[in-house]
Every structure is written in structure tokens, then in C-alpha cells.
Amino acid sequence: MRTHGSAKELEARRRIAGRMLLRGKGVREVARLTGLSPTTVSRCKQIVEKKGLDGLVAKPHPGKPCRLTSRQKQRLVRILAKGAKAAGFDTDLWTCSRVAEVIERTFGVSYHPDHVWKLLRKLGYSPQKPQHRAREQNPEAVRRFREEEWPRLKKRP
């Protein structure tokens with residue numbers, strides 16, 4: 001099981017383990033002191049013997065890089081914050097299809113709507129279920145009903 005922590009934190013732990021190993025400490029002792037597994041410390045020992053401490057550098061994560069730059073992502077967040085109506089849609093509901101359309105229109109980058117949610121999740125958004133409310137609903141009439149009529153109709157106060 002992978003130890004918790006960022007790539008930099010884990011690299012720092014491995015480097016500490018590597019320095020301890022270079023000073024002559026045993027694998028089990030280093031594992032106990034650093035909180036790493038003995039298997040990881042053994043791997044570190046092999047790497048240090050072959051490549052030195054520089055061999056313990058964190059490797060970049062595999063996967064395709066995002067097609068939007070960090071500046072474009074910030075701009076997208078501002079566009080989303082203004083609402084879907086401000087972006088030219090009939091309602092203020094953001095869908096993955098609409099976000100994909102805005103990304104293509106604004107930045108010239110095409111995303112499949114089924115994958116837009118990954119980008120939105122990285123930007124801190126989560127799926128929200130819209131409230132269903134009649135467009136003809138009068139908020140004042142609803143308030144009056146809740147405060148005056150509903151208490152009268154309830155069986156118990």
C-alpha cells in the first residue's frame with residue numbers, strides 16, 4: 001500500500017532513508033525510524049548503491065497533461081462563476097456539455113462532455129442537483145402560504 005503524502009514529501013522521506021543507509025544503518029532500523037516499509041527501504045538502498053541520492057528523486061506522474069494552461073483554468077473559473085446565462089445559454093444551469101462548448105468557444109480546445117467533469121473536479125467543483133421549481137411560482141405567495149395557511153392546516157402545532 002502506498003504511503004500517504006505528496007510526491008515531494010515521499011521523496012524527502014526516501015532521501016532521509018538514503019542518508020541513513022549511507023551512514024551504515026540497517027534496513028529494518030531505517031524502516032522503523034522513517035515509517036517506510038522494509039521493502040521500500042531495500043529498494044531505496046539498491047537505488048542509492050546504483051545512482052546515489054539523486055536516484056531517489058520523485059518521478060513525474062504518468063498521464064496526459066491538461067490541455068488548458070493554469071491561466072486558462074483561472075479564466076474558466078471566472079466564466080463559470082458568472083453563470084451560464086452570462087455565457088449565452090437560456091438557463092443558469094451548467095452541464096458538462098455546456099462547459100465543453102464554452103471551453104471550445106473561448107480557448108479553442110475541444111473536450112468530450114463525458115470528460116469535462118474530471119477537469120471540473122480538479123477545479124474544485126462537484127456535481128449539484130438543481131432545485132426543481134415552477135417558473136410561474138410567486139415567492140411572496142409561497143411565503144404567505146408557509147406562514148399563514150400551512151400552520152392552520154397542520155393537525156398539530
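The values are calculated or read from the model by the stated rules, or taken from the named source; none is laboratory data. Since this is a predicted model, take the numbers as computed values, not measurements. FYI the Cβ positions are ideal-geometry reconstructions off the backbone, even for glycines, and counts take in every protein chain you see.
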Can you tell me which of (1) surrounded by 11 or more Cβ atoms within 10 Å (Cβ to Cβ); (2) within 29 Å of the chain's Cα centre (by Cα); (3) over 30 Å from R135 (Cα atoms) is the one V48 doesn't meet? (2)
Identify, from the list E29, E104, the residue that is farther than 25 Å from Q128 by Cβ and among the charged types (D, E, K, R). E29
Among the residues of the stretch 5-22, is there at least one that is surrounded by 16 or more Cβ atoms within 10 Å (Cβ to Cβ), without any contact (Cβ under 8 Å) to a residue 24 or more places away in the chain and among the polar types (S, T, N, Q)? no
For a quick check of your reading of the model, give me the residue pairs whose first member lies in the stretch 128-157 and is in the same structural domain as W94 (by TED's automatic domain parsing), whose second is part of a loop (DSSP other than H, G, I, E, B) and among the aromatic types (F, W, Y), with beta-carbon atoms closer than 8 Å and at least 6 apart or on different chains. none
Picking from R133, R143, the residue that is loosely packed, with under 10 Cβ neighbours inside 10 Å and of a type in the set (K, R) would be R133
Only residues that are among the small types (G, A, S), out of contact with any Gly (no Cβ under 9 Å at 6 or more places or on another chain), closer than 21 Å to P62 by Cα and part of a helix (DSSP H, G or I): list them for the stretch 1-50, please. A7
Looking only at residues that are farther than 30 Å from D114 by Cα and hydrophobic (A, V, I, L, M, F, W, C) in the stretch 124-157, which one is nearest to the chain's Cα centre (by Cα)? V142
Is it true that G88 is surrounded by fewer than 11 Cβ atoms within 10 Å (Cβ to Cβ) and not assigned by TED's automatic domain parsing to the domain that holds L120? no
